[in-house]
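The values are calculated or read from the model by the stated rules, or taken from the named source; none is laboratory data. Since the structure is predicted, the reported quantities are computational estimates derived from the model, not experimental observations. For neighbour counting, all protein chains shown are included, and Cβ atoms are generated from backbone atoms with ideal geometry for every residue, glycine included.
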Amino acid sequence: MRILFYSPDDEPEAWIAALAKLLPEARVDIWRDGEGTPAPDAQPAAQHADYALLWRPSAAVLAACRGVKAIFNLGAGVDAVFKAGVPPPAPLVRLDDAGMGVQMAEYVSYALLRYFRRFDEYQLQAASQQWHFLEPYRKSDFTVGILGLGVLGLQVAAAVRQFGFPLRAWSRSKKDVAGIECFAGTAELDAFLSGTRVLVCVLPLTAETANILNRRNLSRLPHGAYLINVARGGHVAEPDLLALIRSGQIAGATLDVFRNEPLPAQHPFWQEPRITITPHMAAQTLVDESIAQIVAKIGAIERGESIAGIVDYTKGY
């Protein structure tokens, strides 16, 4: 078995070592460049590969994978694959979780509790040596709404639920989850937003969800609502969010993802104290967990069995 590996963001050694432990019979060929021009031996290697493990592939990489049985995306979000502009030539398989759900639930829980317990305000007070008690918020007034109820969204919901916050969620298709008030489709988006005090975005980025966090939709939230985005920067209409924060309609935001990363030094978000910025670190891909999942799915494919996580090209996730 031959496997092609490509990632412009990672050194391949850790991935190859993990593969060697669980799939020692496989030969791994590395497409080493990050500019879309293959190394001299990359093209033949791709032509003979049985499977491809890719992250942010260029059009050249995808075009060279025509003979593979499946392409495994080394992350939960597959929007970078579609940005290459070349339809994947084989079934595209996303990581279902591989340790990212727990990390994302931790991040969202921290951001939610930091705002709910007013730690951001206490931090500002401490910086100027002020000692003032702030009236606690009532948990019953803090309905948490989750945009996206897939594998990661369910993990976030489970974490939030244990703190006793009222919980609701919105998804493209109708879902029924115990303990969550569920909304679905465009027709129910306004109703979902109107009762959400803290909005958490965990959506995949598609043509339908791009700019979903715009002036119109964010204005449907109650006055003083808070935003947490751990999905993709392309969901946020950044000028709209900034204007709504400055007007007080949105109290603040914790943002882990941005349209341009790294966030440019001149970006106005840096100067807005009500926006907390982190460098796309809410949920990192864990190598060992990811390879264990991929190897299990390769085994299932080789046995002629169906697997979970195959991307629907028409939906984009």
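Within region 139-153, the residues that satisfy the criterion of being of a type in the set (A, V, I, L, M) and within 16 Å of ILE228 (Cβ to Cβ) are VAL144, ILE146, LEU147, LEU149, LEU152. In this structure, is GLN103 exposed (fewer than 11 other Cβ atoms within 10 Å of the Cβ) and either in a loop (DSSP other than H, G, I, E, B) or not hydrophobic (A, V, I, L, M, F, W, C) (or both)? Judged against the criteria, GLN103 is not a match. Contact annotation: residue pairs with Cβ atoms under 8 Å, 6 or more positions apart or on different chains, pairing a residue in region 81-94 that is farther than 27 Å from ALA300 by Cα and free of Cβ contacts under 8 Å to residues at least 40 places away in the same chain with a partner that is assigned to a loop (DSSP other than H, G, I, E, B) and hydroxyl-bearing (Ser, Thr, Tyr), are ALA84/SER58. When ALA282 is tested against (1) surrounded by 19 or more Cβ atoms within 10 Å (Cβ to Cβ); (2) without any contact (Cβ under 8 Å) to a residue 60 or more places away in the chain; (3) not β-branched (Val, Ile, Thr), exactly one condition is not met: (2).
From ARG197, ARG232, ARG215, which residue is farther than 24 Å from ILE180 by Cβ, touching a Pro at 6+ places or on another chain (Cβ under 9 Å) and at pLDDT 95 or above? None of the others qualify; the one that does is ARG215. It is to be established whether one or more residues within region 125-145 are within 20 Å of the chain's Cα centre (by Cα), within 22 Å of MET100 (Cα to Cα) and either outside any strand (DSSP E or B) or at pLDDT 95 or above (or both). Yes, the conditions are met somewhere in region 125-145. Tallying residues that are among the charged types (D, E, K, R) and under 23 Å from ARG94 (Cα atoms) within region 246-295 yields 5. The set of residues in region 230-252 that are within 14 Å of the chain's Cα centre (by Cα) and aliphatic (A, V, I, L, M) comprises VAL230, ALA231, VAL236. Only one of the listed residues (PHE133, PHE119, PHE142) is closer than 30 Å to PHE192 by Cβ, among the aromatic types (Phe, Trp, Tyr) and free of Cβ contacts under 8 Å to residues at least 12 places away in the same chain. That residue is PHE119. Tell me whether region 290-300 contains one or more residues that are of a type in the set (D, E, K, R), farther than 21 Å from ALA105 by Cα and not assigned by TED's automatic domain parsing to the domain that holds LEU149. Checked region 290-300: at least one residue is of a type in the set (D, E, K, R), farther than 21 Å from ALA105 by Cα and not assigned by TED's automatic domain parsing to the domain that holds LEU149. Just to verify a result, which residue in region 253-268, among those that are buried (at least 19 other Cβ atoms within 10 Å of the Cβ) and outside any loop (DSSP other than H, G, I, E, B), is nearest to the chain's Cα centre (by Cα)? Residue satisfying both the conditions and the ranking: LEU255.
For region 231-252, which residues satisfy the criterion of being in contact with a strand residue (DSSP E or B) (Cβ under 7 Å, 6 or more places away or on another chain) and either in a loop (DSSP other than H, G, I, E, B) or among the hydroxyl-bearing types (Ser, Thr, Tyr) (or both)?
Selection gives ALA231, ALA237.
Taking region 48-62 as the range and being outside any loop (DSSP other than H, G, I, E, B), under 24 Å from the mean Cα position of the chain (by Cα) and at pLDDT below 95 as the test, the residues that pass are ALA59, VAL61, LEU62. When PHE116, PHE183, PHE133, PHE192 are checked against the criterion of being surrounded by fewer than 19 Cβ atoms within 10 Å (Cβ to Cβ) and of a type in the set (Phe, Trp, Tyr), PHE133 stands alone in meeting it.
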